[in-house]
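The structure appears right after this line, and notes come after that.
Rule-based calculations on the coordinates, nothing more; no lab input. None of the values given here were measured: they were computed from a predicted structure. We place every Cβ from the backbone using ideal geometry, glycine too, and count neighbours over all the protein chains shown.
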Ligand SMILES: [Zn+2]
């Protein structure tokens, strides 16, 4: 079952490692305003939709802050874990979208109970994938990476199908592809 991935600690450890890499890449580039060094300015999140217990390091959003007095510009690197300000993890939002695109009402109800997300939230996300996501500049450019074009009515599933490997590997590839959106930079 797709949702069992959300209970897989190894999967979440991989996402954390990816976010650590993205944060160190951003740190190497320095402040995008003045090129000064960046310091850690991580902040705590309380993510929902993770179905296993993990250490507190999983609840920190990596963020950086310019070290120079008078600039202090914040740089928040892309993330494979935290979907902008949304409380549910990016992986959970994708799993819900995949299931919503293919599910019967009964299966959907069981799933929302299992993950602990209400129907209104599921429908709000569906509207986001259908109405907001296709209009953002990132997707206007990035959709060209998919040939033939992906079916907009089952967008998340269609994108996932274009990556190779196990479900976990394809999910990480999709999260990596969407990282600029998930991290909030491209919204
Ligand atoms: Zn600066």
remark   = In nm, the gap between the two label points placed 7 Å beyond Cα toward Cβ at residue 118 and residue 142 is 2.9 nm
ask   = Pick from 92, 75, 121: which residue has the top mean-square fluctuation in a GNM of the chain where Cα pairs under 10 Å get a spring?
value = 121
note = Mean shadow area (nm²) of the C-alpha convex hull around the chain is 11.2 nm²
note = Exposure-ranked with fewest Cβ neighbours within 10 Å first, 73, 86, 46 stand as 46, 73, 86
note = Taking Cα atoms only, helix 105-115 is inclined relative to the longest principal axis of the chain by an angle, in degrees rounded to 10, of 40 degrees
note = So for region 50-158, using the alpha carbon gyration tensor with a ≥ b ≥ c as root eigenvalues (a/c under 1.5 gives rounded; past that, a/b versus b/c decides prolate or oblate), I'd call it oblate
query = With each label point set 7 Å from Cα along the Cα-Cβ vector, what nm distance links residue 20 and residue 110?
reply = 3.7 nm
query = Under the rule of -39500 (n - 2.57) per DSSP H run of 4 or more residues, summed and divided by the residues of the chain, what mean residue ellipticity at 222 nm is obtained, to the nearest 500 deg cm²/dmol?
reply = -13500 deg cm²/dmol
task = For helix 9-29, report the angle its Cα long axis makes with the longest principal axis of the Cα atoms of the chain; keep it between 0 and 90° and round to the nearest 10°.
result = 30 degrees
ask   = Which order do 157, 76 fall in if you start with the one that has the fewest other Cβ atoms within 10 Å?
value = 157, 76
task = Please order 35, 68 by the number of other Cβ within 10 Å, starting at the fewest.
result = 35, 68
inquiry  = Can you give the FRET efficiency to the nearest 0.05 for residue 87 and residue 135, using r as the Cβ-Cβ distance and R₀ = 25 Å?
reply    = 0.60
